[in-house]
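Single-structure report; data block below.
A short reminder: the numbers here are calculations on the coordinates, not readings from a lab. Small disclaimer: the values here were computed from a predicted structure and weren't measured. With ideal geometry, Cβ positions are generated from the backbone for all residues, glycine too; neighbour counts draw on all protein chains shown.
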Amino acid sequence: MFTRRDLLKSAAATGALAATSGLAMPAIAKGAAIKLGYVSPQTGPLAAFAEADKFIIDGFLAATKAAGLNYEVVVKDSQSNPNRAAEVTKSLIVDDEVNAVLVASTPETTNPVATTCEAEEVPCISTMAPWQPWFIGQQANPGDPNSWKPFNSAFHFFWGLEDVIAVYTNMWSQVATNKKVGGMFPNDGDGNAWGDKQVGFPPVLDKLGYSLNDPGRYQNLTDDFSAQINTLKSGQCEIVTGVMIPPDFTTFWNQAQQQGFKPKVASIGKAILFPQAVEALGKNGHNLSSEVWWSASHPFKSSLTGESSKDLAMGFTKATNRPWTQPIGFVHALFEVAADVMKRADPTDSKAVIAAIAATKLDTIVGKVAWDGANVPPFAAKNIAKTPLVGGQWRLKDGGGYDLVIVDNRTAPNIPTGGKMEAIV
């Protein structure tokens, strides 16, 4: 059965470019570029995830050009909208005839892109979404594990809910609390997964002796969280957790302060991954905590450029005059993996590219990426590669601004800590 992509694709050409600097290029038409499609939320409420995209892509193109390789990256903006993400992916496949699609940043972007690529039998590499909402969220019947099936064309690398739950509870154990937790879970892919009674926070927290007060799902871009705040106040919650988009957490946290709700711990996914999101809170961002996927102190280096994590982070700051952010590492790793795959397969042969992705064993700027089934349930082993995760806390600096300090590394001891967890109040 031929896909639209197969019908549009010209016959695979012969010829080869010489291997250069360890980045060998396989057989491809002389002068033809390897064309990568890339989808991320350049605009909209998730735009902070894509802040470093241009920096990373410019660096990737410079590195591959210096190695004598010919790459083209076609960038598409999902506008933080799942429908738009699917539309631009179809355009990449049908109009741009890319050799593979790369995608990053939350299930609202990664899932529709991966689903579209799977339907068109186009190689897809995805990152920056916990694996459960990525894998389970794309199943025809996500509520029935017996019906779940692996994907043939789409592959994902990141951590899972089991990792972020372990990181959060490890951090919380460093602070004396009443173990009453308030959960802020939106009605989206992440929120529904994090709050799920089978695979999310509830069963693990219950096992560890925490009581979860879940006010229920709210819609993204809500402007009044008074009902949720009152529920958490009446429940005497000394810990707040959740997975909120940046503008929603800013609204929630400012309203919580105004209404006298001041928990000892607030560990929030997604919203406070970024320095600018914490800075927007003024002094009220001090000692907020979150998961840390990647940092300037992570002990890894790029397979593409040889840069250390610190080198890459400082390079971004020098180029943009802005503090480094966590997505920098994962977007860079996404292009590392793509380059490694394309040197091992004919880019014009989708099946060969898919096989090369599945066989990947690469040490990247975010750690090892290998679809080898390690630490992943059997039903997802083919499509998921796990990366390490630790916990961090934002500390207000004397001169202004914030530092992200890693305060717990029990889930990844090779990543150094810089301090201990502190209570907010």
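A few points about this structure:
- Applying a threshold of 25 Å to the alpha-carbon distances of K233/K386; K180/K420; K149/K343; K180/K368; K65/K310 flags K233/K386; K149/K343; K180/K368 as lying beyond it.
- Computed from backbone phi with θ = phi - 60° and the Karplus coefficients 6.51, -1.76 and 1.60, the 3J(HN,Hα) list for region 415-424 is 9, x, 8, x, x, 10, 5, 10, 6, 5 Hz; x is used for glycine and proline.
- Protection-proxy order for peptides 145-153, 35-43, each taking the mean of Cβ atoms within 10 Å per residue, highest first: 35-43, 145-153
- In this structure, A66 and D144 have a Cβ-Cβ separation that, at R0 = 41 Å, corresponds to a calculated FRET efficiency of about 0.25.
- Long-range amide H partners of G182 with built H, under 5 Å: N213, I239, V240, T241
- Per-residue ³J(HN,Hα) for region 80-86, Karplus 6.51 cos²θ - 1.76 cosθ + 1.60, θ = phi - 60°, Hz, x for Gly and Pro: 6, 10, x, 5, 5, 4, 5
- Pairwise Cα distances in the chain exceed 40 Å for 16 percent of all pairs.
- Per residue, the chain reaches -9500 deg cm²/dmol at 222 nm when only DSSP H runs of four or more residues are counted, each adding -39500 (n - 2.57).
- Pairwise FRET efficiency - D223 versus E97, Cβ, R0 = 60 Å, nearest 0.05: 0.90
- Rounded to 5, percent antiparallel among DSSP beta bridges of the chain: 30 percent
- Separation of the K361 and T251 label points, Cα + 7 Å toward Cβ, nm: 4.9 nm
- Under Karplus coefficients 6.51, -1.76 and 1.60, residue-wise ³J(HN,Hα) of region 217-222 in Hz, glycine/proline x: 6, 10, 8, 4, 6, 5
- Burial ranking of peptide ranges 240-250, 338-348 (average Cβ count within 10 Å, highest at the top): 240-250, 338-348
- Within the chain, C237 have no other Cys Cβ under 4.7 Å of their Cβ and so lack a disulfide-compatible partner by this rule.
- Cα-centre dipole for the chain with unit charges at Cβ (Lys and Arg positive, Asp and Glu negative), debye to 20: 620 debye
- If only the Cβ of Lys and Arg carry +1 and only the Cβ of Asp and Glu carry -1, the dipole of region 208-265 around its Cα centre is close to 180 debye.
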